Amino acid sequence: MFQKSIVQEDMFKPASWVMEGRTRKLYEDECGWHNQFRLQVTNKINEGLFKPPFSAENGAPAAPIRVLVGMMILKEGQGISDESLFERARFNMLTRSG
């Protein structure tokens, strides 16, 4: 069956805009592990605890601390290597959303 492809309208829209039906429903499910991880872990990380080692005068902005700590928790919790974690963070939509 022919189906016209979706034209990318805006590359900065949320990832779910390209999803349809069951896939979108699963991705947006509030009870999904990725959404629960973000709500219960990543969003609750107190970034202020990590401020002392950083210099206000030197260095470049990095990824948000809460995201980096969340990635470390996922890595240890799943028992995966750094390489596997970075691959999942790049290409797995659920891992990226957590």
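The values are calculated or read from the model by the stated rules, or taken from the named source; none is laboratory data. Being a predicted model, the structure only gives us computed values, none of them experimental. For neighbour counting, all protein chains shown are included, and Cβ atoms are generated from backbone atoms with ideal geometry for every residue, glycine included.
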query: How many residues are exposed (fewer than 12 other Cβ atoms within 10 Å of the Cβ) and over 16 Å from the mean Cα position of the chain (by Cα) if we restrict to the stretch 33-47?
result: 1
task: Any chance you could count how many residues in the stretch 48-72 are modelled with pLDDT under 85 and more than 15 Å from the chain's Cα centre (by Cα)?
output: 14
